[in-house]
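The values are calculated or read from the model by the stated rules, or taken from the named source; none is laboratory data. Small disclaimer: the values here were computed from a predicted structure and weren't measured. Cβ placement follows ideal geometry from the backbone for every residue including glycine, while neighbour counts extend to all protein chains displayed.
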Amino acid sequence: MNNARSRVRELSQQSYQQGDYTGWFEKLYVEAAGNADAIPWADRGFNYWLSDWVEKSQVVVRDRRLLVVGCGLGDDAEYLAKLGAKVTGFDLSQTAIDWCHQRFPDSQVNYQVVDLFTAPADWKLSFDLVVEIYTIQALPANIRPSAIDCIGNFVAPDGKLLVICRGREPEDLAADLPPFALTQNELNKFTTTGLTQVSFEDFIDTLESGAPRRFRLVYQRLA
Ligand SMILES: C[S@@+](CC[C@H](N)C(=O)[O-])C[C@H]1O[C@@H](n2cnc3c(N)ncnc32)[C@H](O)[C@@H]1O
């Protein structure tokens, strides 16, 4: 395991022991002090599986309202903004959002420091496309249902939700610290927010070290 991943394990464990399930993200970004090598998910480029889906599905993003959940260092939000979308990217980490502004000084993205669990009320049912990549899988099981509920409720009538995460079968051993692989059953909770699953892909991500099992799902709020 590389240094960045072991530091995630140490910080998340310390946070969990104090009953704090998300405080470690800000600590990690602060410790990184501008060095993206210290952030295991910071690829300094947009997510391939996002661009692959945008191209294959031919989803219309130009002039649409898009929300990037847990946007980290902003590459996915920037990619979507360059396609002409009106993008809001949010993260609970002030340092991550400051880093986005520093990396992309001329950005068209509306970056915001927002905790998913206390997001502005007017985000409800407001986005034509919500993009959730690797945030839910970074949260422990006790708060994942609530995270899923919050994310699902951001999707506007006729809007879509794209989810990309690690996947596992229920009988596979669950990780004790992040990243956590998710089961299809857990993800089904999105349907309780009024969404319908329109596609589900299950593949081995050979682009990432360790070649994890990956799920890519699309949901829609049928108008
Ligand atoms: C594993 S990282 C993934 C970042 C980015 N989506 C990517 O794929 O590179 C998860 C991100 O979600 C953010 N995050 C975690 N919990 C959050 C919450 N409750 N509200 C908003 N952002 C959150 C973290 O700060 C972190 O930037």
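A few notes on this one:
- A count restricted to the stretch 188-222 and to residues that are among the charged types (D, E, K, R), assigned to a strand (DSSP E or B) and in contact (Cβ under 8 Å) with a residue 40 or more places away in the chain stands at 3.
- Of all residues making up the stretch 154-174, the number that are at pLDDT 95 or above, over 15 Å from the mean Cα position of the chain (by Cα) and farther than 21 Å from ASP52 by Cβ: 8
- Scanning the stretch 111-142 for residues that are near the ligand (Cβ under 10 Å from one of its atoms), more than 14 Å from ASP76 (Cβ to Cβ) and touching a residue at least 12 places away in the same chain (Cβ under 8 Å) yields GLN112, VAL113, VAL114, ASP115, LEU116, PHE117, ALA119, ILE136, GLN137, ALA138, LEU139.
- Screening PHE127 with (1) touching an Asp or Glu at 6+ places or on another chain (Cβ under 9 Å); (2) buried (at least 22 other Cβ atoms within 10 Å of the Cβ); (3) farther than 21 Å from TRP99 by Cβ gives one miss only, at (1).
- Residue within the stretch 112-133 that is more than 16 Å from the chain's Cα centre (by Cα) and at positive phi present: yes
- If you go through the stretch 179-222 and keep only what is modelled with pLDDT under 95 and over 21 Å from VAL54 (Cα atoms), you end up with SER209, GLY210.
- Within the set PRO157, PRO145, PRO179, the sole residue that is out of contact with any Ser or Thr (no Cβ under 6 Å at 6 or more places or on another chain), in contact (Cβ under 8 Å) with a residue 24 or more places away in the chain and part of a loop (DSSP other than H, G, I, E, B) turns out to be PRO179.
- Positions within the stretch 29-69 being within 16 Å of TYR134 (Cα to Cα), of a type in the set (A, V, I, L, M) and assigned to a helix (DSSP H, G or I), in sequence order: LEU50
- Only residues that are out of contact with any Asp or Glu (no Cβ under 6 Å at 6 or more places or on another chain), aliphatic (A, V, I, L, M) and in a strand (DSSP E or B) were counted in the stretch 160-176, giving 3.
- Hey, VAL131 more than 30 Å from GLN13 (Cβ to Cβ) and assigned to a strand (DSSP E or B) or not: no
- Test: ARG221 is basic (Lys, Arg) and over 20 Å from VAL130 (Cα atoms): no
- In the set GLN94, GLN108, only one residue is of a type outside the set (A, V, I, L, M, F, W, C) and away from the ligand (no atom under 13 Å from the Cβ); that residue is GLN108.
- Within the stretch 42-79, tally of residues that are within 13 Å of the ligand (Cβ to nearest atom), in contact with a strand residue (DSSP E or B) (Cβ under 8 Å, 6 or more places away or on another chain) and among the hydrophobic types (A, V, I, L, M, F, W, C): 7
- Residue list for the stretch 176-223, filter: over 26 Å from VAL8 (Cβ atoms), among the aliphatic types (A, V, I, L, M) and surrounded by fewer than 17 Cβ atoms within 10 Å (Cβ to Cβ): VAL198, LEU222, ALA223
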